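Visitor: For reference, the structure I am asking about is given below.
The values are calculated or read from the model by the stated rules, or taken from the named source; none is laboratory data. This one's a predicted model, so the numbers in the text were calculated from it and none came from an experiment. Heads up, the Cβs are rebuilt from the backbone with ideal geometry, glycines too, and the neighbour counts pull from every protein chain shown. Calculation scope for accessible area: heavy atoms of the full protein, side chains included, ligands and nucleic acids excluded. Shrake-Rupley method; radii C 1.70, N 1.55, O 1.52, S 1.80 Å.
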Amino acid sequence: MTTSSFTIAKRPPQFFWRLLVRWFTIALLLGGAGGCASLPANEGRTASSAFNQPEATPLGRLVQARRSQVTTRSDTAFHLLNTVDEALSSRLALIDGAQRSLDLQYYAIHADASTEVLLQRLREAARRGVRVRILLDDFNSVGEDAQVLRLAFEPNVEIRLFNPLPGSRSNMIGRIITSLHDVGRMQKRMHNKLFLADNAWGITGGRNLGDQYFGGGDKQNFVDLDVLAAGRIVRDMSASFDRFWNDELAYPVQTLLDAQDLEQLRQWQPASAPGAGDAKPQPAALPVTASATVLPSVTPSEVVDAKRPPMDLTTIPLIWAPSTLLVDAPGKVGPGDDEVDAGETVIDGLLSLMQQTQRDLLIISPYFVPGQRMMAVYEQLRKRGVRVRVLTNSLASNDAPAAHAGYARYRKQLLDMGVEVYEMRSDPGTAAEALGNKPTQRRRAALFGSGVGGSKGGASRASLHSKAVVIDGRLSIIGSMNLDLRSQLKNSEVGLVIRSAPLAQVATRQVEETLSSAAYRLEKRGGGFFWRAPAGASFGDEDGEPGASTKLKLMVRLLGPLAPDEML
């Protein structure tokens, strides 16, 4: 099977982005926004491509060696990364093992302890001669998170920002206000997630980079899922990266930052430094290339154990299987408000696969706003007797209340057609165990030390962030896409299609463990809904939105009528 690349005519933190866009869209309609910043010309960038001889590297030779140990006709192997330990250690292994190239493509990279470890390792790789290319969606590169861009000034490192927004990077509110004249561009984001080493091994899935994705968040941790790939399919992943990297919407960091920004990013002095007082911060004595850390807000004592061992790629279990890559074209995120032609997106490719289901369809989507076209697919499947199960967030576990408002519109219709709907429980004592993502205290200490994110005894709430579909227990689709109209119409996405019953069984078993211990099954009762707890669970049934505050429930009721499905 070959890469499926879709040509498109025409998605944010999933945190408050969805909500803020609606608020400021309304403000724009009511009174407009004053002042319009503009982008500079995207000139002087040089095209580049993935390293084309992966078999000449140690990582490439390892793929060949692992394949020679088994009897298979498949040229690609996979390993599900369903714990935070594996998610972080696998990335460290790819960085440490890379000899020629490291290519990272992400929607968000947050400036915190886990990212500091990854950035330090990336800097070390660059200093030993590895070419590092990082392609980051521009939306989140503001405030403290903009400090990630400091790595762009290291030799052998290039960072480009995709579909950038003009104006201030001081905070998210300012960024949105100064972009209100171009809401269409602001909404369309590069949501792809790729982590590639020597064009031989790669990772894709739902995770961005940051403490909340590796079990270290103090207030919230995402239950997520990635897949590690090795072999031929990685070349397809790299080809997709190159298309985005060389697209006209990919701006080198240096073309977007003015002189003041460059000084703030290249050199830094803590406010508590001698003589700082209330004066404007002055450049530090040491350039960033000589700093102990990449991120100025993270001190060495706060960093995740920088010496923690990477995953052993020579011994991890691998499943060899046929596969293909679903990926949107960069133009889907281009400027303008044209609708995407039907049948041309990752989501449309996914819907086509779902329509071929014969017995059982399992959907994991944190933001589930199907729209009428997806609903028609589910209805068709149910009429043919196909079992359809959906795991999504409850209101309490959802980090995007506006998205929950959109999903809530479809609850009754889904239940009426016989779809089994499950909602994730947010309580840290149970839901954080879902999909194997809650570190024990020992593992937490190993990851984050004492006094860093996630060290408060597991008090942070859980939020589902995995994106996967399993068809008939034999076909798995794992990637960045949600089953919603934003992924279908606005964001660019990527997903691996893997034809393997053993891998599908592993994924299904993980999800079913969640359904049986950390999720409510939604049922109709009277004129409303009832949330049934699993048999033998430590928590009970609920007749209202489980765990959600009155304030949150009211917010969703107010948002519901105002938010179009395609914007959620």
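Visitor: Restricting the search to the range 242-257, which residues are surrounded by fewer than 20 Cβ atoms within 10 Å (Cβ to Cβ) and β-branched (Val, Ile, Thr)?
Guide: Answer for the range 242-257, where residues must be surrounded by fewer than 20 Cβ atoms within 10 Å (Cβ to Cβ) and β-branched (Val, Ile, Thr): just THR255.
Visitor: Quick check on my filter: what residues within the range 486-519 are surrounded by fewer than 24 Cβ atoms within 10 Å (Cβ to Cβ), over 23 Å from MET374 (Cα atoms) and of a type in the set (S, T, N, Q)?
Guide: Selection gives SER500, GLN505, GLN510, SER516, SER517.
Visitor: Can you work out which of the residues in the range 319-364 that are assigned to a loop (DSSP other than H, G, I, E, B) and open to solvent by less than 30 Å² (accessible area, probe 1.4 Å) is modelled with the lowest pLDDT?
Guide: Within the range 319-364, the match that is modelled with the lowest pLDDT is VAL340.
Visitor: Kindly indicate whether any position in the range 190-201 is open to solvent by 30 Å² or more (accessible area, probe 1.4 Å) and not β-branched (Val, Ile, Thr).
Guide: No: zero hits.
Visitor: Sticking with this structure for a sec: Take the residues in the range 196-227 that are among the acidic types (Asp, Glu) and over 15 Å from the mean Cα position of the chain (by Cα), then tell me which one is farthest from PHE241 (Cα to Cα). Let's see the steps before the verdict.
Guide: Filtering the range 196-227 down to residues among the acidic types (Asp, Glu) leaves 198, 211, 218, 224, 226.
This time we only want the ones that are over 15 Å from the mean Cα position of the chain (by Cα), so: 198, 218.
Working: ASP198: 13, ASP218: 33 Å.
Restricting to residues being among the acidic types (Asp, Glu) and over 15 Å from the mean Cα position of the chain (by Cα), the top hit is ASP218.
Visitor: Say whether the condition of being assigned to a loop (DSSP other than H, G, I, E, B), crowded, with 21+ Cβ neighbours inside 10 Å and either out of contact with any helix residue (DSSP H, G or I) (no Cβ under 6 Å at 6 or more places or on another chain) or of a type in the set (A, V, I, L, M, F, W, C) (or both) is met by at least one residue in the range 143-159.
Guide: Our first condition is that a residue be assigned to a loop (DSSP other than H, G, I, E, B); within the range 143-159, this holds for 154-156.
From what is left, the residues that are crowded, with 21+ Cβ neighbours inside 10 Å are none.
No; the residues of the range 143-159 include none that is assigned to a loop (DSSP other than H, G, I, E, B), crowded, with 21+ Cβ neighbours inside 10 Å and either out of contact with any helix residue (DSSP H, G or I) (no Cβ under 6 Å at 6 or more places or on another chain) or of a type in the set (A, V, I, L, M, F, W, C) (or both).
Visitor: Moving to a separate point now. With under 23 Å from PHE244 (Cβ atoms), assigned to a loop (DSSP other than H, G, I, E, B) and open to solvent by 10 Å² or more (accessible area, probe 1.4 Å) as the only criterion, which of SER49, SER74 stands out?
Guide: SER49
Visitor: Restricting attention to the range 301-318, which residues are modelled with pLDDT of 75 or more, surrounded by 21 or more Cβ atoms within 10 Å (Cβ to Cβ) and under 19 Å from ASP211 (Cα atoms)?
Guide: Hit for the range 301-318 is MET311, nothing else.
Visitor: For the range 91-132, which residues satisfy the criterion of being more than 20 Å from GLN147 (Cα to Cα) and among the hydroxyl-bearing types (Ser, Thr, Tyr)?
Guide: SER101
Visitor: Let me ask you something else. Quick one: would you say GLY418 is surrounded by fewer than 21 Cβ atoms within 10 Å (Cβ to Cβ) and under 20 Å from PRO561 (Cα atoms)? Write out each step before concluding.
Guide: Working: surrounded by fewer than 21 Cβ atoms within 10 Å (Cβ to Cβ): yes; under 20 Å from PRO561 (Cα atoms): no.
Answer is no for this residue.
Visitor: If you scan the range 365-376, which residues turn out to be at pLDDT 95 or above and open to solvent by 10 Å² or more (accessible area, probe 1.4 Å)?
Guide: ALA376
Visitor: Okay, moving on. Would you say LEU483 is crowded, with 24+ Cβ neighbours inside 10 Å and at pLDDT below 50?
Guide: no
Visitor: Only one of (1) open to solvent by 10 Å² or more (accessible area, probe 1.4 Å); (2) closer than 17 Å to THR293 by Cα fails for GLU116. Which number is that?
Guide: Exception for GLU116: condition (1).
Visitor: How many residues are at pLDDT below 95, in a loop (DSSP other than H, G, I, E, B) and out of contact with any Lys or Arg (no Cβ under 8 Å at 6 or more places or on another chain) if we restrict to the range 460-480?
Guide: 0
Visitor: Could you check PRO13 against (1) modelled with pLDDT under 95; (2) open to solvent by 40 Å² or more (accessible area, probe 1.4 Å); (3) in contact with an Asp or Glu (Cβ under 9 Å, 6 or more places away or on another chain) and say which number it fails?
Guide: Against the list (1) modelled with pLDDT under 95; (2) open to solvent by 40 Å² or more (accessible area, probe 1.4 Å); (3) in contact with an Asp or Glu (Cβ under 9 Å, 6 or more places away or on another chain), PRO13 comes up short only on (2).
Visitor: Kindly state which strands (runs of 3 or more DSSP E) lie completely within the range 162-268 and contain at least 3 residues that are under 28 Å from HIS79 (Cβ atoms) and at pLDDT 80 or above.
Guide: The qualifying strands (runs of 3 or more DSSP E) are 194-197, 201-205, 220-223, 226-231.
Visitor: Among all residue pairs at least 6 apart or on different chains, which show Cβ distances below 6 Å where the first residue, located in the range 542-557, is at negative phi and the second is among the charged types (D, E, K, R) and assigned to a helix (DSSP H, G or I)?
Guide: From the range 542-557, the pairs are GLU545/LYS553.
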